[in-house]
Amino acid sequence: MKTKPAVRRTRVARPTRDVILDAAERRFAERGFAGVSVREIAGDAGLKNQASLYHHFKNKKSLYEAVLLRGIEPLVEMISDSQTLGDEGDPGIDRVVDYLASRPYLPRLIQRAGLDDTKALRGTVGKLLGPLYVNGLRVLAGSTGWDAADMPHLAAGLYHLIFGYFANVALLEAVLPDDPRSPVALARQVHFLKTAVARLVSGDAQTARQPRSLGTGN
């Protein structure tokens, strides 16, 4: 009886550029732009030397920009596809949470980007994150009755509400009894975000802006 020949299973190698971007995303998220060397990234990517990295990226700054752009572009597309925000049945927040959960270093990378205090990087961050902010304001403008002057503050609050959970997951791991990355925890977070965003976006903005009288106890 003839036996069937063994089928050799080969793992498809990922493009070297993607491997470099993965290594750079993790390093930049952990220590920021200034705290990471090209040599370290090349070593993490399995390259023989850092000169090999320069076949794919002109310099460290261009690599940093490519890492940010790769992570932010899908988010911009998700926001661009949205027409309104605040509907608890809208799957948009599910998509964003799923994406952030699948890219554990991206929220921290974006958070770190705001801390890199150099003129060159500040311009880069503004250029890359600008479309996310502009599209977010557009969606908010069609979803809420808040005044135009309040929109930047509302957008900032929603950013921290959604991204903060993932950017600070290491802290949450230290203080929460359960794994904040578990499927159960993420499902609860999606439910919370939908409820919180809906209430915040469609809440009584006029009441929220009423200042309390000092010294009256009201």
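The values are calculated or read from the model by the stated rules, or taken from the named source; none is laboratory data. What you are looking at is a predicted structure, and each value in this text was computed from that prediction instead of being measured. Glycine also receives a Cβ, built like all others from the backbone with ideal geometry; neighbour counts cover every protein chain displayed. Side chains included, ligands, DNA and RNA excluded: accessible areas come from the protein's heavy atoms. Shrake-Rupley method; radii C 1.70, N 1.55, O 1.52, S 1.80 Å.
Couple of notes before you dig in:
- Residue match in the range 12-23 (condition: out of contact with any helix residue (DSSP H, G or I) (no Cβ under 9 Å at 6 or more places or on another chain) and of a type in the set (S, T, N, Q)): no
- A single entry from 28, 33 fulfils the requirement of being open to solvent by less than 60 Å² (accessible area, probe 1.4 Å), outside any helix (DSSP H, G or I) and in contact with a Phe, Trp or Tyr (Cβ under 9 Å, 6 or more places away or on another chain): 33.
- Any chance residue 114 is of a type in the set (Gly, Ala, Ser) and closer than 16 Å to residue 71 by Cβ: yes
- Residue that is nearest to residue 69 (Cα to Cα), among those in the range 118-160 that are within 19 Å of the chain's Cα centre (by Cα), open to solvent by 40 Å² or more (accessible area, probe 1.4 Å) and among the small types (Gly, Ala, Ser): 126
- From the list 100, 75, 115, the one residue that fits, being open to solvent by less than 70 Å² (accessible area, probe 1.4 Å), touching a residue at least 60 places away in the same chain (Cβ under 8 Å) and within 19 Å of residue 160 (Cβ to Cβ), is 100.
- Of the residues making up the range 44-72, those that are more than 20 Å from the chain's Cα centre (by Cα) and open to solvent by less than 50 Å² (accessible area, probe 1.4 Å) are 45, 47, 52, 53, 57, 60.
- Residue 164 farther than 22 Å from residue 31 by Cα and either without any contact (Cβ under 8 Å) to a residue 40 or more places away in the chain or part of a helix (DSSP H, G or I) (or both): no
- Residues in the range 171-193 include none that are crowded, with 16+ Cβ neighbours inside 10 Å, polar (S, T, N, Q) and outside any helix (DSSP H, G or I).
- Qualifying residue in the range 201-212 (condition: at pLDDT below 90, under 26 Å from residue 110 (Cα atoms), assigned to a helix (DSSP H, G or I) and touching a Leu at 6+ places or on another chain (Cβ under 7 Å)): yes
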